[in-house]
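The values are calculated or read from the model by the stated rules, or taken from the named source; none is laboratory data. As the structure is a computational prediction, the values presented were derived from the model and not from experiment. Virtual Cβ from ideal backbone geometry, glycine too; neighbours counted across all protein chains shown.
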Amino acid sequence: MKNPNDSFLRGRIRSVKFAIRGMWLLITTEDSIKAQLFFGVVATILGFYFEISNIEWMVQFLAIGMVLVAEALNTAIEKVADFIHPDYHKKIGFIKDIAAGAPSFAAFISLIIAGFIYIPKINLLF
Ligand SMILES: Nc1ncnc2c1ncn2[C@@H]1O[C@H](COP(=O)(O)OP(=O)(O)OP(=O)(O)O)[C@@H](O)[C@H]1O
């Protein structure tokens with residue numbers, strides 16, 4: 001929440017602190033984020049191994065970022081849903097299913113990107 005005594009700069013610094021705390025909470029408490037980070041690290045190692053180009057690095061990091069952002073937003077929606085309605089409800093199930101579709105889309109597109117980057121390089125090995 002905005003503190004009315006904060007100057008513009010102080011307000012921005014406070015927001016950045018909360019945002020960094022949010023990233024830390026996601027990384028340390030959410031298994032889904034940990035799993036996606038693991039795949040991101042694997043893709044980065046593969047990138048070094050296959051010496052991918054600058055453009056391929058950029059596309060790969062965009063894909064990793066897209067998955068992490070979608071997963072983080074999905075987690076936030078799940079938390080809000082659990083907070084406003086902790087008991088079973090068909091609509092909560094529907095909302096959570098739709099929210100889970102976001103990281104699934106991102107992961108699916110990332111797999112296609114990985115295919116474009118790595119399948120030709122793997123083919124060269126054989
Ligand atoms: N309160 C609820 N009411 C109805 N259905 C629910 C409810 N909570 C969860 N579900 C169903 O269970 C699925 C999984 O929900 P859950 O909150 O466990 O997410 P998850 O994908 O397992 O998340 P994570 O692994 O990140 O904790 C939802 O997509 C929904 O179909």
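Being more than 16 Å from the ligand (Cβ to nearest atom) and not polar (S, T, N, Q) holds for only one residue in 77, 20, 33, 27, and it is 20. Taken over the range 90-114, residues that are over 15 Å from residue 47 (Cα atoms) and in contact (Cβ under 8 Å) with a residue 12 or more places away in the chain amount to 10.
Scanning the range 43-74 for residues that are farther than 17 Å from residue 116 by Cβ, surrounded by 11 or more Cβ atoms within 10 Å (Cβ to Cβ) and aliphatic (A, V, I, L, M) yields 68, 69, 70, 72, 73. The combined condition, being part of a helix (DSSP H, G or I), within 16 Å of the ligand (Cβ to nearest atom), surrounded by 13 or more Cβ atoms within 10 Å (Cβ to Cβ) and small (Gly, Ala, Ser), is fulfilled by residue 104.
For the criterion of being part of a helix (DSSP H, G or I) and more than 12 Å from the ligand (Cβ to nearest atom), residue 69 passes. Put simply, of 18, 39 the only residue that is under 23 Å from residue 114 (Cβ atoms) and assigned to a helix (DSSP H, G or I) is 39.
Selection of first residues in the range 78-89 that are at pLDDT 95 or above and of second residues that are within 7 Å of the ligand (Cβ to nearest atom) and of a type in the set (Lys, Arg), restricted to Cβ pairs under 8 Å at least 6 apart or on distinct chains, gives the following pairs, ordered by first then second residue: 78/96; 81/96. Residues considered: 55, 117. Of these, the only one that is over 24 Å from residue 22 (Cβ atoms), in contact (Cβ under 8 Å) with a residue 24 or more places away in the chain and either outside any helix (DSSP H, G or I) or away from the ligand (no atom under 15 Å from the Cβ) (or both) is 117.
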